[in-house]
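Notes follow once the structure below has been shown.
The values are calculated or read from the model by the stated rules, or taken from the named source; none is laboratory data. From a predicted model like this one, the values you see are computed outputs, not experimental measurements. Please note: Cβ atoms are built from the backbone with ideal geometry, for glycine as well, and neighbour counts cover all protein chains shown.
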């Protein structure tokens, strides 16, 4: 059967690949260095497929359709906006068999995944891929979207249930695929409204500590209102982290880096969810 | 209230190149295509981001529309605007 060999948590800011707006070279090196460490770990773990948990930013989906949770089961393109950000046009290698198996496993368990038979993904998928897995030939991607952006956002307990279901899907997937899971986004940032530009480093470090302690239940218990107020609407993306952490409950959380990046108006956290060898 | 229609219009400006061009060329004509009340029509035609946010439009969507109209080089203006007193006044007016 396939094997989940590790997990990683990381930001997905659209400006990361180009480095746009960030003029502090040392800070940029530290941020890029964190992505490079994840890339190296993917190589060490001989990962074949990465499941990327992201959230659409009113881009691939809109007022016409807002799925609470969705798996891309077919072709993965990048959105027009991602192209504008300088990431190349073209297909991202996918793993339709595993993606379909995640949907079917969920369906059998009472989880009604929405699915897309093709999608132009936004930066929440394209950036983590570009900064890590893309640098390793042959690595495939399964994009998973949670709604963290448009009210009502997904419940944190549901995000965790989805992570557990994804794990069961991996464990029951025929073959010898080696899979990693990414939880992307966050941590504190205010997007588009009052407070934009603030970073709550204290909140961010609390979240990083909870990851290190494997305090999944504590993260699930954080009220959305509290997260909104203390760390901004962008911090709700920790639900993507919750989903990934729930898939690897036995993992040890190891902080790779934490960098508040004022130019990107975000506290950037990087962790490995490390499984025993 | 037709907040959904306002978000529909904003989303089309953000994601559809042709609609973006139509909006920039003649916002009033573009707004004719949507079932908006008078206040919503005005905030769309005026490109009044603060009024749109105060009205309940998704702030991320409002920001991206603003950026698509005015460009990243002008983004500092948006930044200052949403953190300024006019934003607080708009929110207070909405609550009131």
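Among the residues of the range B:3-14, is there at least one that is more than 17 Å from residue A:62 (Cβ to Cβ), free of Cβ contacts under 8 Å to residues at least 12 places away in the same chain and surrounded by fewer than 22 Cβ atoms within 10 Å (Cβ to Cβ)?
no
Could you figure out which of (1) under 18 Å from residue A:61 (Cβ atoms); (2) at pLDDT 95 or above; (3) surrounded by fewer than 23 Cβ atoms within 10 Å (Cβ to Cβ) isn't true of residue A:107?
(1)
When residue A:148 is evaluated against the numbered criteria (1) surrounded by fewer than 24 Cβ atoms within 10 Å (Cβ to Cβ); (2) within 14 Å of chain B (Cβ to nearest Cβ); (3) part of a loop (DSSP other than H, G, I, E, B), which criterion, by number, is the only one it fails?
If we test residue A:148 against (1) surrounded by fewer than 24 Cβ atoms within 10 Å (Cβ to Cβ); (2) within 14 Å of chain B (Cβ to nearest Cβ); (3) part of a loop (DSSP other than H, G, I, E, B), just (1) comes out false.
Can you tell me which residues in the range B:15-29 are closer than 16 Å to residue A:80 by Cα and surrounded by fewer than 20 Cβ atoms within 10 Å (Cβ to Cβ)?
B:16, B:17, B:18, B:19, B:20, B:21
Sort out which residues of the range B:4-58 are over 18 Å from residue B:82 (Cβ atoms), at the interface with chain A (Cβ under 10 Å from one of its Cβ atoms) and modelled with pLDDT of 95 or more, and write them in order of number.
Residues satisfying the conditions are B:4, B:5, B:8, B:9, B:11, B:12.
Looking at residue A:53 and the list (1) in a loop (DSSP other than H, G, I, E, B); (2) modelled with pLDDT of 95 or more; (3) buried (at least 18 other Cβ atoms within 10 Å of the Cβ), which single condition is not satisfied?
Status for residue A:53: all satisfied but (1).
Matching residues to (1) closer than 19 Å to residue A:122 by Cβ; (2) more than 14 Å from chain B (Cβ to nearest Cβ); (3) touching a strand residue (DSSP E or B) at 6+ places or on another chain (Cβ under 7 Å):
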{"site": "A:10", "(1), (2), (3)": "yes, yes, yes"}
{"site": "A:15", "(1), (2), (3)": "yes, no, no"}
{"site": "A:20", "(1), (2), (3)": "yes, no, no"}
{"site": "A:28", "(1), (2), (3)": "no, yes, no"}
{"site": "A:37", "(1), (2), (3)": "no, yes, yes"}
{"site": "A:47", "(1), (2), (3)": "no, yes, yes"}
{"site": "A:51", "(1), (2), (3)": "yes, yes, yes"}
{"site": "A:59", "(1), (2), (3)": "yes, no, no"}
{"site": "A:62", "(1), (2), (3)": "yes, no, no"}
